[in-house]
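Written out below as structure tokens is the structure these notes cover.
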Amino acid sequence: MTKALEAVIIRTDANFTGRGAIIDGNNPLLTIIIPAWNEERRLPTTLPQVVAFAEAQDYPVEILVVDNASADRTSDVVREIAAEHPIVSLLHQPIQGKGAAVRLGMLAGKGEYLFICDADLAMPIEEVAKFMPPALADYDVAIASREAPGAQRYDEPWQRHLMGRVFNFVVRMLAAPGIQDTQCGFKCFHRDAARDLFSIQTIDGWAFDVEVLHAAQCRGYRLVEVPINWYYGADSRISPIRDSITMLVEVLRIRRNGNAGLYDRQSTD
């Protein structure tokens, strides 16, 4: 059995939940992780765009699509594309929640840089170059920001923008001071930081990135916000009222965990 085939078998094992599991092997420079829940409609358009970008680079790239307990043909779509493009691998995360899906991909990814990429490509995939050397270096966590100087938002309803800014204000007060945009779905982690932070992640839902960023601040990692172009999608999966309440509860839980020192580095003494 080849190492490549063995890796695919390990990654598609339903028992692999991403809690503390790391796959060894030859390391690409970049891993692109796409969490996918019922994405049979969007992936046939967006995944080939990601593949085309990856195959055009002069450095090795792997693409991991994490099927998050989809009830549609998401896995079939990924398999069909992976059959023609070996840089694509399919992972299965039976634990429901975007945070669970991202954790699996982060701990399975072999790249020196690991990049979360939403399936809707609200950020054009070409923007990934802003997160890679030589454009950006000497960081542990780089956050795509719709608020940093130079960023552009397109077609976003003012109500959604206002709700996002209110939520960000709460997040900055309770969990992630100084970070202007915690919820943009595109983030890049250096491998060492990713393995450390996602191994202690406890939130499986939407606020997982607030938790990871809070933990990164607690542990002294170097964080930067990167201005991007971002396009609002009318078929967003987030329910403004229901999910905002859920995320607020999760942020309060993160604050409680942080006060209890659960994200601090453990002493080796």
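The values are calculated or read from the model by the stated rules, or taken from the named source; none is laboratory data. In this text the structure is predicted, and so the values were computed from the model without any measurement. So basically every Cβ, Gly included, is an ideal-geometry build from the backbone, and we count neighbours across all protein chains shown.
Structure above, values below:
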read-out: Residues of region 206-256 satisfying the condition of being in a helix (DSSP H, G or I), of a type outside the set (A, V, I, L, M, F, W, C), closer than 15 Å to residue 183 by Cβ and at pLDDT 95 or above; value: 211, 214
read-out: Selection count where residues are touching a residue at least 40 places away in the same chain (Cβ under 8 Å), in a loop (DSSP other than H, G, I, E, B) and either among the charged types (D, E, K, R) or farther than 18 Å from residue 215 by Cα (or both), scope region 135-155; value: 10
read-out: Residue count, region 122-132 (criterion: more than 14 Å from residue 191 (Cβ to Cβ) and in a loop (DSSP other than H, G, I, E, B)); value: 3
read-out: Residues being hydrophobic (A, V, I, L, M, F, W, C), touching a strand residue (DSSP E or B) at 6+ places or on another chain (Cβ under 9 Å) and over 18 Å from residue 55 (Cα atoms) - total across region 102-118; value: 4
read-out: Residue satisfying condition, being among the small types (Gly, Ala, Ser), in a helix (DSSP H, G or I), within 13 Å of residue 37 (Cβ to Cβ) and in contact with a Ser or Thr (Cβ under 9 Å, 6 or more places away or on another chain), within set 119, 100, 82; value: 100
read-out: Qualifying residue in region 72-85 (condition: buried (at least 16 other Cβ atoms within 10 Å of the Cβ), among the hydroxyl-bearing types (Ser, Thr, Tyr) and more than 30 Å from residue 137 (Cα to Cα)); value: yes
read-out: Sole exception among (1) under 28 Å from residue 242 (Cβ atoms); (2) in contact (Cβ under 8 Å) with a residue 12 or more places away in the chain; (3) aliphatic (A, V, I, L, M) for residue 224, by number; value: (1)
read-out: Any chance residue 250 is crowded, with 19+ Cβ neighbours inside 10 Å and either more than 30 Å from residue 138 (Cβ to Cβ) or in contact with a Pro (Cβ under 8 Å, 6 or more places away or on another chain) (or both); value: yes
read-out: Residues of region 155-194 classified as in contact with a Gly (Cβ under 9 Å, 6 or more places away or on another chain) and basic (Lys, Arg), total; value: 2
read-out: Residue ID - nearest to residue 152 (Cα to Cα), chosen from residues in region 171-199 that are surrounded by fewer than 17 Cβ atoms within 10 Å (Cβ to Cβ) and in contact (Cβ under 8 Å) with a residue 60 or more places away in the chain; value: 195
read-out: Among the residues listed as 192, 181, the single one being under 26 Å from residue 31 (Cβ atoms), at pLDDT 90 or above and either under 20 Å from the mean Cα position of the chain (by Cα) or among the charged types (D, E, K, R) (or both); value: 192
read-out: Filter result for residue 106 (buried (at least 18 other Cβ atoms within 10 Å of the Cβ) and in a loop (DSSP other than H, G, I, E, B)); value: no
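Per-residue answers, yes or no, for (1) modelled with pLDDT of 95 or more; (2) hydrophobic (A, V, I, L, M, F, W, C); (3) more than 15 Å from the chain's Cα centre (by Cα); (4) part of a helix (DSSP H, G or I):
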| residue | (1), (2), (3), (4) |
| --- | --- |
| 22 | no, yes, yes, no |
| 32 | yes, yes, no, no |
| 46 | yes, no, yes, yes |
| 63 | yes, yes, no, no |
| 75 | yes, no, yes, yes |
